[in-house]
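A short worksheet on the structure shown next.
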Amino acid sequence: MSDEQYPSGPVAGPAPAANSAPAPETNPGTAPEAGPAPDEVVARTPAALPGEPVTALAASLSDGEWHRLHPASPLLKGGIALLAIIGVIIANLRERLIEMFVPQAGYGAGDPIDLILESGYLLPAIGAVLAVLVVLVIGFYVSWRMHTFRITDEVVEVRSGVLFRTNRRARLDRIQGINIVRPVIARLFGAAKLEVNQAGQDANVKLEYLGSGAADDLRREILRLASGSRAVAQHGAAATTAEGSIVDRRLGEFLAPELDPNAAEPESVVKLSVGRLLGSIALSGGTIFLVLMIVAVIVTSIFASEALFGLIGVIPAALGIGTFYVQRFLKSLRYTIAGTPDGVRVGFGLLTTSNETLPPGRIHSVKVSQPILWRTTGWWEVKVNRAGHSSASGAAGQQNTTILPVGNLDDVRRVLGLVLPEFSAEEALAMAETGMIGRGTDDDGFANSPRRARVLRWFSWRRNGFAVGPGSVLLRKGKIWRELVIVPHPRLQSIALSQGPLQRRLSLAAVYLHTVAGPITAQLGAIDADTATAFFDDVAAAAVSASSTDTSHRWRSTEDA
């Protein structure tokens, strides 16, 4: 069976006409009705209007009807339990297996198989094992039959469950990103997990699993529907999967993290070398902490022999940090970031690959930071705040908020130009560069803290300041650990101004720019009180004006007008 047929077969009635409305709401607690075989499906291709081309496979999956997932989904999701049962059986048979090849070895007393043989319950035991396996297989099959999804012009909806039914929906106009993850085992079956990220806690909708080619086509179609673009029918178009044998297709999927070269630039704007990645890990704070801890234990052991036991306590910590670093290294390999018509595409991973598309307007704030140990190498890290988060770990082994694990100044410029289009201009990039490496002079374009702020910012008062750039607010701080936070005006939810007792005494104030929760906190303290008040008024007015004219949530609708 080909990859294109895996997710096809609809589970509702016949497909509606080309321009008909989406299928009416059905009771999620009822079982899906039987539908035609996959080869009998007639795709409902959208009307031919100016806009984005749509493949036949993507059109058939987004026709508003219910469809099933990849046939291997039950094995990929629940097969671990089955493998565990088989492992227990093999473990109990290990003595028997050894005796088959080495008769003189014997087997230990009390072996479960011996007890069964002596009791005369061999046939019932075999029957019980077979019954469990049959129940598991039937349960997996029923679960697969009852796990369906549909895509309409408004929502992505998934319903699942046999005894307890669940129904999850993701509104297209609230999509924060779409992530495609290809675990190692799933790639053997030509399958991938598609996750639609939404704002809110545990609000994501997952399609586990689809055919790899179907996942790429479906992501492009969901983004097209969310963008407000109209479709161009491609009658008779085939799914965008590689030609050749199954072995050739699987090999191509293992060697390429991106299966959709037409939707992204062929070359990443950042090249992350292995040497730079290893160097950034070695110069991280965790490594320094581990080295200092080992040195402290060794030095202490010279004066007290009992302290040798402390070295044993360091071993688990070293193993934990080492495991974290290995995972971080493997996840950051084959890192790519590129611009697409539907947003920024970030890919990474060696064994388990992942690539996520962040639509325009979904980046709520950006932080460019530089630890002190990276100062001599000129490396930086870029993180973002966004309303939805993928359940898969990001390129740095953390939650999907790090979009550049390590890069030089040129890499940061290119990434900023992708995630914040207004920073593609030289003037805006120069302002961002000043915020990153500037020393804090009076004429650098930033409103810096006054000299009296040294009481609160001993080392960083010269670099502690803000600037209002093209469509964004820039906050700069830190002398030892440099940091630049950029908040786009349309994404600003509110702004606050505060003064503590000591700040009032020094005529200083702190400002807070509120965005969605995440690793970035957009706040700046110890700035002149009058300057902070003017900043509050200017930024509040700019945020209101920008939000009223922002159309990034329908980023392609203007192209089809």
On the formula 1/(1 + (r/R0)^6), with r taken between the Cβ atoms of ALA317 and SER273 and R0 of 30 Å, the FRET efficiency rounded to 0.05 is 0.55
The pairs in LYS77/LYS331; LYS271/LYS477; LYS331/LYS383; LYS383/LYS477; LYS77/LYS206; LYS193/LYS383 lying past 18 Å Cα-Cα in this model are LYS77/LYS331; LYS271/LYS477; LYS193/LYS383
Expressed in nanometres to one decimal, the distance between label points 7 Å along Cα→Cβ at LEU350 and ALA529 is 5.7
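So, R0 is 45 Å and r is the distance between the beta-carbons of SER552 and ASP410; what FRET efficiency does that work out to, to 0.05?
0.95
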Taking a ≥ b ≥ c as the square roots of the Cα gyration tensor eigenvalues, with a/c under 1.5 meaning rounded and otherwise prolate when a/b beats b/c or oblate if not, the stretch 417-546 comes out oblate
Between the modelled labels at SER424 and SER494 (7 Å from Cα along Cα→Cβ) the distance in nm is 3.5
Packing-ranked peptide list from 430-443, 127-140, highest mean Cβ count within 10 angstrom first, is 430-443, 127-140
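Going by average Cβ neighbours within 10 Å, how do the peptides 287-298, 532-543 rank, with the highest at the top?
Taking the mean over residues of other Cβ atoms within 10 Å, the ranking is 532-543, 287-298.
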Scoring the stretch 436-561 by relative contact order with C-alpha pairs under 8 Å, at least six apart, yields a percentage of 21
Placing each pseudo-label 7 Å from Cα in the direction of the beta carbon, HIS514 and ALA125 end up separated by a distance in nanometres of 6.6
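We did not get these values from a lab; they are worked out from the coordinates using the rules stated. Just so we're clear, the structure is a prediction, and the values are computed from it rather than from any experiment. Methodologically, a virtual Cβ is constructed for each residue, glycine included, from the backbone with ideal geometry; neighbour enumeration extends over all protein chains shown.
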